[in-house]
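What follows is a single structure, written as structure tokens, with notes after it.
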Amino acid sequence: MTILRGKWYQKVDPVIIEWMSRNGYLLLRISIGIIFFWFGILKFFPGLSPAHDLAVNTIDKMTFGLISEVLIINGLALWEVLIGIGLISGKFMRETLFLLFLQMAGTFTPIFLFPEDVFTRVPYAPTLEGQYIIKNLVLVSAGIVLGGKLRKTNNH
């Protein structure tokens, strides 16, 4: 373990930390943007999004069946693509993060509306769909990190 605390470490560690400090925010913003853009685009094409059925069923239940499946999935697709574009471009970040947090709130609702689809054993053994939902905690945290920088930079 001396390699991690020797002279090499003392020279390299500050350089790596400085690089991460300079580039981390941008990389986080763009990588999260790519995820939203990519997953949103998939929803425009039937059969490509593994989240299609759960998303449609959730929104259908939340809107009491008043919105057609086509409108639900295309609206969600557009919503996610807009979040992706906003994050990738860095423009309209407040509005983009508002859309992100609103969308994230919606992604957690299947836990309560369809626990049988989200868990094999409630509440500790998630299905693949459940894992997909739970990983969104990382996206929420990323949104918080991105939003935390807005006040400092006064971005749009």
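Taking Gly84, is it under 16 Å from the mean Cα position of the chain (by Cα) and farther than 18 Å from Glu129 by Cβ? Can you show your working first?
On the way: under 16 Å from the mean Cα position of the chain (by Cα): yes; farther than 18 Å from Glu129 by Cβ: yes.
Here the answer is yes, as Gly84 does meet what is asked.
All conditions in (1) loosely packed, with under 12 Cβ neighbours inside 10 Å; (2) touching a strand residue (DSSP E or B) at 6+ places or on another chain (Cβ under 7 Å) hold for Val70, with the sole exception of (2).
Mind checking whether some residue in segment 15-25 is basic (Lys, Arg), surrounded by fewer than 16 Cβ atoms within 10 Å (Cβ to Cβ), in contact (Cβ under 8 Å) with a residue 40 or more places away in the chain and assigned to a helix (DSSP H, G or I)?
Going through segment 15-25, the residues basic (Lys, Arg) turn out to be 22.
The next check asks that each one be surrounded by fewer than 16 Cβ atoms within 10 Å (Cβ to Cβ); those that pass are 22.
Cutting the leftovers down to in contact (Cβ under 8 Å) with a residue 40 or more places away in the chain gives us none.
No, segment 15-25 has no match at all.
All conditions but one from (1) farther than 15 Å from Val56 by Cα; (2) out of contact with any helix residue (DSSP H, G or I) (no Cβ under 6 Å at 6 or more places or on another chain) apply to Phe108; the one that does not is (1).
Does at least one position in segment 41-53 carry a residue that is in contact (Cβ under 8 Å) with a residue 60 or more places away in the chain and closer than 20 Å to Ile133 by Cα?
Kept after step one, since they are in contact (Cβ under 8 Å) with a residue 60 or more places away in the chain, are these residues of segment 41-53: 50-51.
Going one step further and asking which of them are closer than 20 Å to Ile133 by Cα, we end up with 50-51.
Scanning segment 41-53 turns up at least one residue that is in contact (Cβ under 8 Å) with a residue 60 or more places away in the chain and closer than 20 Å to Ile133 by Cα.
Candidates in segment 1-12 are the residues that are modelled with pLDDT under 90 and surrounded by 10 or more Cβ atoms within 10 Å (Cβ to Cβ); of these, the one that is nearest to Ala142 (Cα to Cα) is Tyr9. Across segment 103-127, the qualifying residues are those that are surrounded by 14 or more Cβ atoms within 10 Å (Cβ to Cβ) and in contact with a strand residue (DSSP E or B) (Cβ under 7 Å, 6 or more places away or on another chain), and the one among them that is nearest to Ile83 (Cα to Cα) is Val118.
Answer yes if at least one residue in segment 133-149 is part of a helix (DSSP H, G or I), among the charged types (D, E, K, R) and closer than 26 Å to Gly84 by Cβ, and no otherwise. Reasoning before the result, please.
Of all residues in segment 133-149, those part of a helix (DSSP H, G or I) come to 133-134, 136-148.
Of the ones still in play, those that are also among the charged types (D, E, K, R) are none.
No, segment 133-149 has no match at all.
The values are calculated or read from the model by the stated rules, or taken from the named source; none is laboratory data. Not measured: the values here are computed from a predicted model. FYI the Cβ positions are ideal-geometry reconstructions off the backbone, even for glycines, and counts take in every protein chain you see.
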